Amino acid sequence: MRKIFKFLVAFVLISWTAGPVAFAAQVQATRTDEPIRIDGVLGEDIWQTAIVAPPLIQDEPNEGAEPSQSSEIRILYDERALYVGARLYDSSPDSIVARLGRRDSDWNTDLFLIGLSPFNDKRTAYFFGLSAAGAIFDGRFYNDDWQDNTWDGVWEGAVQRDRHGWTAEMRIPFSQLRFKKSDDYTWGVALYRKIQRRKEEDLSFITPRNESGMVSRFIDLVGIKDIDARRKAEIMPYLRGKGEYLDVEPQDPFNDGSRYFADAGADLKIGVGNNLTIDGTINPDFGQVEVDPAVINLSDVETYFDEKRPFFIEGSDIFNFGYGGSNNYWNMNFSTPNLFYSRRIGRAPQRDLSEYDYTDVPEGARIISAGKLTGKIGDNWNIGLLNALTAREFARVSPNDLDSQTEAEPLTNYTVLRTQKEFQGGRHGLGIISTATRRFFKDEDIADYLGSNSLVVGVDGWTFLDTAKTWVIAGWGGLSNIEGNQTYMSAIQKNSIHYLQRPDVDHLGVDSTATSLTGFATRLNLNKQKGNVIFNAAFGLIDPKFDVNDLGYLSRGDIVNYHIGAGYRWTKPTNYYRTLQFILAHTMGADCGGNLTNNGIMTFGYVQFPNYYWIDYGGGYFFETYDSRLTRGGPLAIAPTGVWGQLEMSTDERKPLVFELYYEASGNDSASISHYLETGINWKIADNLIFEFSPSISINENYAQYVDVFDDPYADLTYDKRYVFAKMYQKTVSASLRLDWTFTPRLTLQLYAQPLYAAGDFKQFKELARPKSYRFNVYGESGSTISSDLKVDPDGSGPASEFSIDNPNFNTYSFRSSTVLRWEFSPGSALYLVWTHNRYENDDHADFDLSRSVSRIRKIEPDNIFMVKATYWFNI
C-alpha cells in the first residue's frame, strides 16, 4: 500500500502546466438601420459591408491548424437585437451533413454556433446555434466549460444551402440576455463551426487538449452601444384538456375507468433591470414531459429520477452546489448530497393509505404557484431565489364501503436561496445556499409521516493555488435541521439514510423523545485542472444525523471517506490512438465510529482510436471490510473481498449507424456475482429521422439478499432480533426505444417506449449468525425448520417462537410509452398532442420465461392518457 501511495504522489511533483494559449483578436459589431429579414439569404446590403470576424482556428482534429473550409462571419446590431450572419464555404456542398433534429438533440451535424458572455465574467455565457438543416440549439455555459442545454430562448434563425456551401442567419433579441447597462459594451464572444464528415471543429480560439477552460478564453465583442437595454415582460398562458382511460377494478367506487379534466395556467418572465429575471408559473402543467422509466429496486436506497419539467430544469445550474471552480469531481464511493432536488416539489402524496380498500389519490401535489429570481446583483454576485407552494391534497378513501376524504399531503411551501461570487477573474469563489420547507397541517395524523419544518444551509467555494489556474482546492460544508413530532422523528432516525438504531456501535442511538434532528457534512477536493498529468484527491464526512431529503437528495449518511488518484493523458494523436488516458486511485472509507467500510484500489482508462471508435473502462479490487448496511439497521457484518469492472465502447459517432456497448460486473468471495449488459443502436435513418434502441439484461446472484427482521428475545447474539436473508437469483430484461422525427425545425414527433420484465427467486433462507461476520444459520439445518409456506422455527425444539416470512419472489411485467407531437406555430408558442400508455402487473412466481412475459404484457389491460395542450407567448 505504501508503494502505491508513493506512486500516486509522484505524479503531483512532475511539473506545473503553462498558461493558456492566447490569440489577440476581437470581433467588431456593425450597427445597422436597415431592416433585416431572417431568411438565411444574407441579401441585405449591410451584410456585404459589415466587418468580418477574425478567421477561425481548427481545434479538432488538428489542433491549431487552419480550417479545411473557410468561413466569413459578421455581427450586426440595432437598438433591439443582435444579428449574426455566417457564410460557411464548403468545397463539397453535396457532402454537407444537414441533420434536422428536435431542439438541442443531435449535435452530429454540420453546425454553426455563437457563444455570448454579456457580463464578460469569464465563467458564464449563452450559446445559440443552427444546423445546416435549420435545427435549433441554445443553452448556457457555466463554471467556465460546463454546458447546460435546458435553457431555451425566444429568438429567430434560418439557413440556406447553395453551391458555395451554406449560410446561417440569426436574430437574438437583447431582451433574452442579461447584462449590465453601459454606454459602450464589451462582451465575450466565441464563434464555432462543425464540419461533421471531417470530425472538424473550428473556433475563435483553441483550448489545448491537455488544458481546460472555455468561457475564460472568449475573445472580445466590441462596438455595441446605444441599445435598448430594457427588459420586457413575457407571458405564456396555457389551456389543457386531458382524458384518462384506466384499468380499474369493477368495485372501485371512485373510478369507472374514464375521467376527463380541463385546466389552465400561465408562465411568465419579467426582466428586473438588466441583471435580473423573474420566472413565474401559476398552476403549471407538465403533461408533455417524458414518463420516468420503470425500475426494479431491491436496495435500501431511494431511486433517483432526473428532473424533466421545464420550469425546474431551465437555468437550474444557478442552484448547483459544491461543484464550482474545479472541472473534475470524483465521488469514489462517497454519497455526495444534492441539497436541492426539485423532484421533491409536487411529488406524490406521502401519507400511508394502505389500510383502505380503495383510494383515489392525486398523482402529485398540485403546484399552486412557483417563482424564480435569477441573475446578478451588487458587486457581481450571482443570485438564485426559488419559491414554490403546493396545494393541500385530499385522497378519497373507502373504509368499509363508505366514501370519505382524508388529508394526504399538507399545504407546503418550499424555498431555495443561492448566491455565489467570483473574485479575480474566477480565481476564487464563494457561495451560499439555503433551503427551507414548511408544512401546514390540518389533520395532525399526517404529521406522523412528514416533518413540519426543515432548514439546510451550505457554504461552498474554491481557490486556485497558482496564477496559471493549474491547481485548485474546492470544498463545501452544510448544516441541516429537521423538525417533526416524536413519531415522525423516531421513524426518520431509523430510516435507511441514518440507521441510528444500530445496536453494536457507540456513536449512534435513537432518541424516541426527539422533535428535531441536526447534522452536518463537508467535502474538500484538490484537482489538477490541466496538463498531461492527472491528479485528484478528496476528503469528505457526512454526519449520521445529516438529512436534506425534504428538498434535497441523500442516499446515506454516517460516512468518512477519502480518495487519492493520479494518471496521465496522451493528447497528441498517433497511428494507434487519438487520445489515451490512464488513472490509478485508492479509496478508503469508514463510519463515524471508525469502523472501516470501504478500502479499494481502482483504475480507469479511456482511448479513442484513429477511426474515432473509443473504449472507456474501469475496475477495482476491494479488500474485506465491515458492512454497516447489510442488516439495514442491525449490527455490523463483514463485506467480503470483492472485484468490480466496467467496459464501455462505441463506434464512430459521425456515421449514420452507431453501435454502443456497456458491460459491468462485480462479485465477492461469497459467490455473489452480478452482470449487466446493455447494447445500443443509434440509427439516423434519414437526416430528420433518428431511431435509438438500447436492450439490456441484468443477472444478479446474491448470496445474502436482505429479506426481513423479526424480534426474538432468544436471539442473544444478534441483539434480540433475527436478521433474515436469502440466496436470490434475479434476472431483468429491458429495452429503451426512442424515435425522433423532425418534420421542420418547429414540428417534431417524439416516441419513447420501455418494456421491462423481471423475476426474482429467493431460496436458502437464513439468518445472520453473529455480528461482525459473514456467517449465517441456514433454516432447515442444525435443528431449525422451514416449511414450504415459509414458516420458520429457528431453533427446532428450543424456546424461540415460530415466525412466517412473506414470500419475496416476484415476477414483474411492465410496458411504458409516451408520444409527443409538438408544433411551435409561432416563436415561443406551441401546441402539444400527448399520448401516455402504461401496462403493469406483478405476481409471486419466481420462474423467468421471456417468451411468456412478452405474451403476458400484451394481455395486460392498459392505462391510456390523452392530452392536448396549447401555449401562447406574449412579449409585452
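The values are calculated or read from the model by the stated rules, or taken from the named source; none is laboratory data. Bear in mind that the values here come from a model prediction, so they are computed numbers and not experimental data. Cβ coordinates were reconstructed from backbone atoms using ideal geometry, including for glycine residues, and neighbour counts include every protein chain displayed. Side chains included, ligands, DNA and RNA excluded: accessible areas come from the protein's heavy atoms. Shrake-Rupley method; radii C 1.70, N 1.55, O 1.52, S 1.80 Å.
Rg/Rh for segment 105-179 stands at 0.99; both radii use Cα atoms, and Rh follows the Kirkwood definition.
The mean sequence separation of alpha-carbon pairs under 8 Å and at least six residues apart, normalised by the residue count of segment 477-548, gives a relative contact order of 37 percent. Protein heavy-atom surface of segment 417-536, 1.4 angstrom probe: 56% of the accessible area is carbon and sulfur, with nucleic acids and ligands not counted. Summarised in one figure, the compactness ratio Rg/Rh of segment 584-663, Cα atoms and Kirkwood Rh, is 1.21. Ranking of 859, 731, 376 by solvent-accessible surface, largest first: 859, 731, 376 (1.4 Å probe, protein heavy atoms only, all chains present). Along the charge dipole of segment 503-644, which of 510, 617, 544 sits closest to the positive end, that is, farthest toward it, with unit charges on the beta carbon of Lys, Arg, Asp and Glu (+1, +1, -1, -1)? Of 510, 617, 544, it is 617. Only Cα pairs under 8 Å and 6+ residues apart enter the sum, and on that basis the relative contact order of segment 431-511 stands at 24 percent.
In segment 91-243, the alpha-carbon atoms span a convex hull of 163 Å³ per residue.
If you wrap segment 212-261 in the convex hull of its Cα atoms and look at it from every side, the mean projected area works out to 10.1 nm².
Between residue 609 and residue 717, residue separation times 0.36 nm minus the direct Cα-Cα distance comes to 33.1 nm. Cross-link check: pairs 572/684; 122/572; 372/469; 181/308; 763/791 evaluated at a Cα-Cα cut-off of 22 Å; pairs beyond the cut-off: 572/684; 122/572; 372/469; 181/308.
Rg ratio for segment 501-620: its Cα radius of gyration over 2.2 N^0.38 Å, N being its residue count, equals 1.49. Candidate cross-link partners of residue 545 among the lysines, defined by an alpha-carbon separation under 22 Å and a same-chain spacing of 8 or more, comprise 494. A simple spin-label model places pseudo-atoms 7 Å from Cα toward Cβ; at residue 539 and residue 249 they are separated by 5.7 nm. In this structure the chain gives 43 Å² per residue of accessible area when probed at 1.4 Å with all protein chains present. Accessible-area rank, largest first, for 582, 305, 776: 582, 305, 776, with all protein chains present and a 1.4 angstrom probe. Comparing 741, 233, 803 along the charge dipole axis of the chain, the residue lying farthest to the positive side is 233, per the Cβ-charge model. Considering all different alpha carbon pairs of segment 367-480, the Kirkwood hydrodynamic radius works out to 17.4 Å.
Any idea of residue 272's accessible area? Nearest 10 Å², probe 1.4 Å. That residue has around 60 Å² of solvent-accessible surface. Note on residue 266 and residue 845: with the Förster distance fixed at 51 Å, the Cβ-Cβ geometry gives a FRET efficiency of about 0.55.
Would you please give the FRET efficiency between residue 463 and residue 283, computed as 1/(1 + (r/R0)^6) with r the Cβ-Cβ distance and R0 = 41 Å, to the nearest 0.05? Step by step, r from the Cβ atoms, then E = 0.40.
Once you reduce segment 138-186 and segment 640-709 to the center of their Cα atoms, the two points are 37 Å from each other. Using Cβ point charges alone (K and R +1, D and E -1), the dipole size of the chain about the Cα centre works out to roughly 2780 debye. Radius of gyration (Cα atoms) of segment 387-449, expressed as a multiple of 2.2 N^0.38 Å: 1.92.
To put it simply, the accessible area of segment 653-737 at a 1.4 Å probe is 56 percent carbon and sulfur.
Rg over Rh for segment 766-816 works out to 1.15, both radii taken from alpha-carbon positions and Rh defined as the Kirkwood radius.
Only the Cβ atoms of Lys and Arg (+1) and of Asp and Glu (-1) were treated as charged; on that basis the dipole of segment 45-136 about its Cα centre amounts to roughly 360 debye.
Estimated from helical segments only, the mean residue ellipticity of the chain at 222 nm is -1000 deg cm²/dmol, where each DSSP H run of four or more residues counts as -39500 (n - 2.57).
Overall shape of segment 25-131 was characterised from the C-alpha gyration tensor. The equivalent ellipsoid obtained from it has semi-axes of 23, 18, 17 Å, in decreasing order.
The accessible-area ordering, largest first, of the residues 559, 296 stands as 296, 559, per a 1.4 angstrom probe.
Placing +1 on each Lys and Arg Cβ and -1 on each Asp and Glu Cβ, with no other charges, gives segment 350-501 a dipole about its Cα centre of roughly 1120 debye. Find the centroid of the Cα atoms in segment 38-93 and in segment 218-262, then give the distance between the two in whole Å. Using only Cα atoms, the two centres lie 36 Å from each other. Taking 0.36 nm per residue of separation and subtracting the current Cα-Cα distance, fully stretching the chain between residue 405 and residue 507 would add 32.4 nm.
With only Cα atoms counted, the chain has Rg and Dmax values of 29.3, 101 Å. Counting only the backbone N, which residues of segment 800-825 are under 12 Å from the spot 7 Å out from the Cα of residue 769 toward its beta-carbon? Answer for segment 800-825: none. Our compactness index for segment 683-770, the C-alpha radius of gyration over the empirical 2.2 N^0.38 Å, is 1.95. Annotation: residue 706 carries an accessible surface of approximately 40 Å², with a 1.4 Å probe and no ligand, DNA or RNA atoms counted. Cβ-Cβ distance of residue 791 and residue 356, R₀ of 30 Å, FRET efficiency by 1/(1 + (r/R0)^6): the value works out to about 0.55. For segment 269-367, pairs of C-alpha atoms spaced more than 22 angstrom apart make up 52 percent of the total. Distance between the 7 Å Cα→Cβ label points at residue 89 and residue 473: 5.3 nm.
In plain terms, the chain from residue 854 to residue 66 could stretch by 278.1 nm, reckoned as 0.36 nm per residue minus the Cα-Cα distance.
Measuring nothing but how far apart in sequence close Cα pairs (under 8 Å, 6+ apart) lie, relative to its length, the chain scores a relative contact order of 9 percent. Taking 7 Å steps out from each Cα toward its Cβ at residue 298 and residue 683 produces label points 3.4 nm apart. Given a 1.4 Å probe and the protein chains as shown, residue 684 ends up with an accessible area of around 20 Å².
Over 31 Å between C-alpha atoms is what I'm after, so list which of 731/869; 376/530; 242/731; 376/528 land there. Listed pairs above 31 Å: 731/869; 242/731.
Using the Kirkwood radius over C-alpha pairs as Rh, can you work out the diffusion coefficient of segment 732-876 via Stokes-Einstein at 25 °C, viscosity 0.890 mPa s, in µm² per second? Approximately 122 µm²/s, per Stokes-Einstein.
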